[in-house]
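K.L.:
Got a structure for you, written out below as structure tokens; questions coming shortly.
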Amino acid sequence: MNTAHSLAPSQVSNKARVLLPGARLGLLGGGQLGRMTALAARAMGYRIWTLDPQPDCPCAQVADHQLQASFADDAAARELARACDVVAYEFENVDLRLAQTIEQHGYLPQGSHLLAVTQQRLREKHAVAAAGVPVTAFRAVRTRRDLAAALAELGLPCVLKTTRGGYDGKGQWLLRSTADAARVPDAVFHGDAAVEPAGESDTALEAPLVAEAFVPFVAEVSVVVARTAQGDVVSFPPAENVHQDGILRFSIVPARLPQEVLRRAQKAAERVAVALDAVGLLAVEMFVTADGRVWFNELAPRPHNSGHYTQDACSTSQFEQFVRALCGLRLASPRLLSPVVMANILGEHLPAVMRHLPAWPGDAKLHLYGKAEAKPGRKMGHVNVLAPRLEEALELLRTLQVWGPLDLPAPRLSS
Ligand code: AMP
């Protein structure tokens, strides 16, 4: 099909195409991020296909068609590429070869290069440091001996992470002592047999683990940046994020930090998006230390949980902005319309949500992802709580009776 309205090839690179409504957007990955992207795209008149192995996955419930196939199924990837005018990945752990197949047979504006960088922590840290954004000291770790050397150099505590495949705090060990280091399972040190080289020859970056110096942060923030293939860049207001057990629990906006710190975070995030030649969305997670400095933590080349607040609190959501960037439309300049607290609904929260929902006020905006099974720690949905003042939004969140007695003290900087 060809509903794309293409600009003259001499005017733009092959990366920059304009896809008008009616065009078909293919989503590689059918989880909640795909679902919310599809809902935004549908509102604008686009048609949606999704590729995901799970029948009736969150995105398939709102898409025109699902290709039910594994993320390593090359034939299905080719079919998605050929059938769709534009394809996007909604999570970064898709097989790199699959993304390359789509790039060859169709139009993948995010590109496979961004995926290759963001699915491997060592590559990611090198790329961000090269962009001039502060990154905490880190060492590649292949063996137990490497780990001992890294601990000696970086000091304790130290955070050991798998370079690939980790999410929501999985594949991470906070090491407070050498005894903690000894408890790291043997198997993770030999993980690099399965590592896919990312196409470049830099084997120094191919290790199963990375050890990083602990950052004594007072706050965690994230910025979602949108960038078009033409190079236009727009970022959303930074979110102040609260994690527990490695899982994002709450995002608070406006973040309760000095303007200067927020500007620094936003600039750092935009600089990374430009340096990586990111197209679509790039979420940049950062730590803030007591002296007001901002340190890089990690990237996601897609919509991000910490950007869900934009759905109800901004003039344009991250999902609409994603669609705009992918389809070559002009990026919106998102304005924050209301203070907001986003709270994640995990499997263990769902019964209380269902019990109290009928009495929730209208300013508690519910989003559920349509997942059949509610397991503890599984992200089932979120709520955006709006109020004229942030303290009122936090108070309103307490009255929803889902997250227990909430203690969310504002971050304290040293000066
Ligand atoms: P990540 O998956 O890298 O975002 O890590 C999950 C959570 O672990 C972060 O949100 C932090 O709360 C914590 N964490 C990760 N890396 C570090 C670090 N280098 N220093 C301190 N805390 C960290």
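K.L.:
Right, residue 170: within 13 Å of the ligand (Cβ to nearest atom), among the charged types (D, E, K, R), at pLDDT below 95 and under 25 Å from residue 294 (Cα atoms) or not? Can you show your working first?
P.N.:
Numbers: within 13 Å of the ligand (Cβ to nearest atom): yes; among the charged types (D, E, K, R): yes; at pLDDT below 95: yes; under 25 Å from residue 294 (Cα atoms): yes.
It is true that residue 170 is within 13 Å of the ligand (Cβ to nearest atom), among the charged types (D, E, K, R), at pLDDT below 95 and under 25 Å from residue 294 (Cα atoms).
K.L.:
Still on this structure, I have one more. Scan the stretch 126-166 for residues that are buried (at least 16 other Cβ atoms within 10 Å of the Cβ), over 29 Å from residue 113 (Cα atoms) and within 12 Å of the ligand (Cβ to nearest atom) and jot them down.
P.N.:
154, 158
K.L.:
Here's a follow-up. Please verify whether residue 103 is in the same structural domain as residue 75 (by TED's automatic domain parsing) and assigned to a helix (DSSP H, G or I), treating the condition exactly as stated.
P.N.:
On the way: in the same structural domain as residue 75 (by TED's automatic domain parsing): yes; assigned to a helix (DSSP H, G or I): yes.
Criteria met by residue 103.
K.L.:
All but one of (1) at pLDDT 95 or above; (2) touching a strand residue (DSSP E or B) at 6+ places or on another chain (Cβ under 8 Å) hold for residue 61; which doesn't?
P.N.:
Among (1) at pLDDT 95 or above; (2) touching a strand residue (DSSP E or B) at 6+ places or on another chain (Cβ under 8 Å), residue 61 violates only (2).
K.L.:
Still on this model: Out of (1) part of a helix (DSSP H, G or I); (2) in contact (Cβ under 8 Å) with a residue 40 or more places away in the chain, what's the single condition that is false for residue 348?
P.N.:
Only one criterion is unmet by residue 348, namely (2).
K.L.:
Right, next: Residues that are in contact (Cβ under 8 Å) with a residue 40 or more places away in the chain and more than 15 Å from the ligand (Cβ to nearest atom): which strands (runs of 3 or more DSSP E) entirely in the stretch 220-330 hold 1 or more of them?
P.N.:
Working: elements: 233-235, 239-244, 247-253, 280-289, 294-300.
Here the list reads 233-235, 247-253, 280-289.
K.L.:
Counting only residues that are small (Gly, Ala, Ser) and modelled with pLDDT of 95 or more, which one in the stretch 232-264 is nearest to residue 413 (Cα to Cα)?
P.N.:
Of the residues in the stretch 232-264, the ones small (Gly, Ala, Ser) are 235, 239, 246, 251, 255.
Now drop any that are not modelled with pLDDT of 95 or more, which leaves 235, 239, 251, 255.
On the way: 235: 24, 239: 17, 251: 19, 255: 13 Å.
In this case the residue turns out to be 255.
K.L.:
Still on this model: Could you grab me the full set of residues in the stretch 87-96 that are surrounded by fewer than 24 Cβ atoms within 10 Å (Cβ to Cβ) and hydrophobic (A, V, I, L, M, F, W, C)?
P.N.:
Result: 91, 94, 96.
K.L.:
Then there is this: Looking only at the stretch 357-415, which residues are touching a Pro at 6+ places or on another chain (Cβ under 6 Å) and not in a loop (DSSP other than H, G, I, E, B)?
P.N.:
Result: 390, 393.
K.L.:
Being closer than 29 Å to residue 169 by Cβ, at pLDDT 95 or above, surrounded by fewer than 21 Cβ atoms within 10 Å (Cβ to Cβ) and basic (Lys, Arg) is true for just one of 123, 78. Which residue is that?
P.N.:
Values: 78 fails: closer than 29 Å to residue 169 by Cβ.
Selected residue: 123, the only one of 123, 78 that is closer than 29 Å to residue 169 by Cβ, at pLDDT 95 or above, surrounded by fewer than 21 Cβ atoms within 10 Å (Cβ to Cβ) and basic (Lys, Arg).
K.L.:
I would also like to ask the following. Of everything in the stretch 53-86, what is under 19 Å from residue 368 (Cα atoms) and within 23 Å of the chain's Cα centre (by Cα)? Give them in sequence order.
P.N.:
Keep residues of the stretch 53-86 that are under 19 Å from residue 368 (Cα atoms), which gives 54-63.
If the condition is that a residue be under 19 Å from residue 368 (Cα atoms) and within 23 Å of the chain's Cα centre (by Cα), then 54, 56, 57, 58, 59, 60, 61, 62, 63 are the ones that fit.
K.L.:
With respect to residue 326, is the statement that it is surrounded by 15 or more Cβ atoms within 10 Å (Cβ to Cβ), in the same structural domain as residue 259 (by TED's automatic domain parsing) and in contact with a Pro (Cβ under 9 Å, 6 or more places away or on another chain) true?
P.N.:
Working: surrounded by 15 or more Cβ atoms within 10 Å (Cβ to Cβ): yes; in the same structural domain as residue 259 (by TED's automatic domain parsing): yes; in contact with a Pro (Cβ under 9 Å, 6 or more places away or on another chain): yes.
So residue 326 passes the test.
K.L.:
All but one of (1) under 19 Å from the mean Cα position of the chain (by Cα); (2) surrounded by 15 or more Cβ atoms within 10 Å (Cβ to Cβ) hold for residue 377; state the number of the condition that does not hold.
P.N.:
Every condition holds for residue 377 apart from (2).
K.L.:
Residue by residue through the stretch 81-97, note down the ones that are at pLDDT 95 or above and either under 25 Å from residue 233 (Cα atoms) or among the aliphatic types (A, V, I, L, M) (or both).
P.N.:
Across the stretch 81-97, the qualifying residues are 81, 83, 85, 86, 87, 88, 89, 90.
K.L.:
Would you pick out the residues in the stretch 173-186 that are more than 8 Å from the ligand (Cβ to nearest atom) and assigned to a strand (DSSP E or B)? Outline the logic, then answer.
P.N.:
Here is the first cut: in the stretch 173-186, the ones more than 8 Å from the ligand (Cβ to nearest atom) are 173, 175-186.
Scanning the stretch 173-186 gives 173, 175.
The values are calculated or read from the model by the stated rules, or taken from the named source; none is laboratory data. Just so we're clear, the structure is a prediction, and the values are computed from it rather than from any experiment. Glycine also receives a Cβ, built like all others from the backbone with ideal geometry; neighbour counts cover every protein chain displayed.
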